[in-house]
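Following: one structure in structure tokens, then a few remarks.
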Amino acid sequence: MQILLWAECQKLRRSNILMLNAFAIIFIAVIVLIGGKTTVNGVDFSESSGWYMATTLTWATMFVLPAMIALLGSYMICREDQDDTAKSLHLIPVSKAKLTAAKMIVTFVFSILIYLLLFITTFSAEAVLHFSGLSVKMVLRSLKMYLLEGAGVFLAVSPIIAIVPYMKKSYWLAMLLAEIYSFAGLFMSMSNTLKTFYPITAVFGVSGYYEASIQNRICSAGVLLLCACLAIILLIRLNSSQKGKIHDEETI
């Protein structure tokens, strides 16, 4: 498994997907900072300690990062088929299930790292803007939310990562589907019930971004785990169908 994880990381290093994710992080961070500097009714939101870290987290999760993480995961799952190198892998004695698991593990780790990079970016800006207003408790709470959202967003978009290979389309489709999926969370958040059970908004409850009862947090965590289970089922069926096709080709 370690060799497979290393190999998948090397594949990512040779692609532009990571640079695209880095650009997305910088883009959303700059947009929120500019928006915060805009005075509304005499109020400059960027002058409030912690506002920038909290707002950037919301915007990133609602509009940008779920799509980027779905793109990253789908790129890894679909790459061999898109590049027509899947047949070459059959010559290597490697378990397809282990290979798929390695791809999902790498995506999960990079999802957390993406949010960690976003935290470092926003914290650096907060430190420059008003270092004296920051407290250790505030920073640690924000770090916890960022890391939990990194894990939660991966779970929320994992079914999209798993379903795109069935469509036989480009992995860019995952980015489009995830963008629609995450944007819908903006409307779901208007209802206390829906925001608990809609995966994207459930992430905010689990991370502690907004106040929620223990029962609601358990329900939100359950929804995210169901998303992960659905993704696992889809990937298992995908691997089984691919094995069947290979067997048929060998028989012919």
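The values are calculated or read from the model by the stated rules, or taken from the named source; none is laboratory data. Quick caveat: nothing in here was measured; it's all calculated off a predicted structure. A quick note on method: Cβ atoms are made from the backbone with ideal geometry, for glycine too, and the neighbour counts reach across all protein chains shown.
Numbers below:
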quantity: Residue that is surrounded by the most Cβ atoms within 10 Å (Cβ to Cβ) [pool: residues in the range 103-155 that are under 29 Å from residue 73 (Cβ atoms) and of a type in the set (Lys, Arg)]; calculated: 103
quantity: Test: residue in the range 224-245 that is more than 21 Å from the chain's Cα centre (by Cα), in a loop (DSSP other than H, G, I, E, B) and at pLDDT below 90; calculated: no
quantity: Residues (without any contact (Cβ under 8 Å) to a residue 12 or more places away in the chain and farther than 16 Å from residue 111 by Cα) located in the range 17-34; calculated: 30, 34
quantity: Flag for residue 198 being out of contact with any Asp or Glu (no Cβ under 9 Å at 6 or more places or on another chain) and modelled with pLDDT of 95 or more; calculated: yes
quantity: Condition broken by residue 212, with the remaining ones in (1) of a type in the set (A, V, I, L, M); (2) modelled with pLDDT of 90 or more; (3) over 24 Å from residue 95 (Cβ atoms) satisfied; calculated: (2)
quantity: Unique residue being over 19 Å from residue 217 (Cβ atoms) and either modelled with pLDDT under 90 or part of a loop (DSSP other than H, G, I, E, B) (or both) when the list is 164, 139, 157, 109; calculated: 164
quantity: Tally, over the range 168-198, of residues that are under 17 Å from residue 155 (Cβ atoms) and of a type in the set (Ser, Thr, Tyr); calculated: 4
quantity: Subset of the range 191-217 [loosely packed, with under 15 Cβ neighbours inside 10 Å and either closer than 18 Å to residue 57 by Cα or in contact (Cβ under 8 Å) with a residue 40 or more places away in the chain (or both)]; calculated: 208, 210, 211
